[in-house]
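Structure first, commentary second.
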Amino acid sequence: MHTRSVHTVHPSPLGDLVLTGSLSPAGLLLTSLVMPGRRGAAAVRAEDRDDAPFAEAHRQLDAYFAGRRTHFELPLAATGTPFRRAVWQTLEDVPYGTTTTYGELTDRLGVPRAELRAVGAALGANPLLLVRPCHRVIGADGSMRGDAGGVERKLWLLTHEGALQPTLV
C-alpha cells in the first residue's frame with residue numbers, strides 16, 4: 001500500500017503547531033505534533049502540505065483549546081524504541097486536569113527508579129505533544145521540569161487544564 005508523508009499547521013494559543021502524518025488509501029496516521037523549530041522535529045517540505053487529511057485533528061485541537069475536549073482520539077503511528085513507546089502509552093493514562101511525577105511514572109511502568117533519566121529522555125523525545133500529554137509530568141517537589149514544548153507552554157497547558165491555578169502578575 002502506497003503512503004506519503006504530509007503535514008499541516010494548526011494555529012493555537014501556544015503558537016503554530018506542526019502536525020505530520022502518513023497518508024494512505026486507508027487514511028491518515030498522525031506521526032507527530034510539535035512546536036515549530038523543536039529539536040528533533042520532523043523536517044517538512046512546503047510541497048507536502050495537505051490540510052484536508054488533518055480535518056479531524058484540527059477539530060479535536062480546536063475543541064481542546066476551547067475547553068470542550070479532555071483527550072484525543074486520533075489514529076497514531078509515532079515511532080520509537082519499545083521502551084519509549086511504553087512510556088508514551090503510559091502518558092495516555094494521566095487524566096486531564098491532573099499531574100503525575102517522574103517517579104510515579106516509573107512505578108506505573110514497573111521499572112526501577114534508577115531508570116528515571118531514561119523515562120525523562122523518553123518524555124523529551126515524545127513526538128506527539130498534547131496527544132500524549134508529557135506536560136502533565138512534573139518534579140516530585142512540584143517543580144516544572146523541562147518540557148519539549150518549553151516550561152512556559154507547560155505552565156499554560158496545566159493552567160488551561162485546571163491542574164494549576166492561574167497566577168496574578
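Mind running the shape call on the stretch 112-156? Use the C-alpha gyration tensor, a ≥ b ≥ c as the square roots of the eigenvalues: rounded below 1.5 for a/c, prolate if a/b tops b/c, oblate otherwise. It would help to have the intermediate numbers written out before the result.
Details: a/c = 2.22, a/b = 1.25, b/c = 1.78.
Cα axes put the stretch 112-156 in the oblate bin.
For helix 151-160, report the angle its Cα long axis makes with the longest principal axis of the Cα atoms of the chain; keep it between 0 and 90° and round to the nearest 10°.
90 degrees
Would you work out which of 33, 156, 81 lies farthest towards the positive end of the dipole of the chain, given +1 charges on the beta-carbon of Lys and Arg and -1 on that of Asp and Glu, about the Cα centre?
81
Expressed as an acute angle from 0 to 90° and rounded to the nearest 10, what is the orientation of the C-alpha long axis of helix 82-91 relative to the principal long axis of the chain?
70 degrees
Rg (Å, one decimal) plus Dmax (Å, integer) for the alpha carbons of the chain?
Cα radius of gyration and Dmax of the chain are 16.0, 54 Å respectively.
Enter the accessible area per residue of the stretch 20-169 (Å², integer; probe 1.4 Å; all protein chains in place).
On the way: 8020 Å² over 150 residues.
Each residue of the stretch 20-169 exposes 53 Å² on average to a 1.4 Å probe.
Tell me the carbon and sulfur percent of the accessible area for the chain, rounded to whole percent, probe radius 1.4 Å.
Working: 4790 of 9000 Å².
Answer for the chain is 53 percent, counting heavy atoms of protein chains only.
Give me the number: length gained by fully extending residue 5 to residue 85, i.e. 0.36 nm times residue separation minus the C-alpha to C-alpha distance, one decimal in nm. Numbers along the way, then the final one.
Details: separation 80, 0.36 × 80 = 28.80 nm, distance 2.08 nm.
Using 0.36 nm per residue and subtracting the Cα-Cα distance, I get 26.7 nm.
Students often check this: by mean Cβ neighbours within 10 Å, which of 133-141, 96-104, 25-33 ranks highest, and how do the rest follow?
On the way: 133-141: 19.2, 96-104: 15.4, 25-33: 17.4.
In decreasing order of mean packing, 133-141, 96-104, 25-33 become 133-141, 25-33, 96-104.
The values are calculated or read from the model by the stated rules, or taken from the named source; none is laboratory data. Computed from a predicted structure; not experimentally measured. Every residue, glycine among them, receives a Cβ derived from its backbone with ideal geometry; neighbour counts consider all protein chains shown. Protein only, heavy atoms only, side chains kept; ligands, DNA and RNA dropped before computing areas. Shrake-Rupley method; radii C 1.70, N 1.55, O 1.52, S 1.80 Å.
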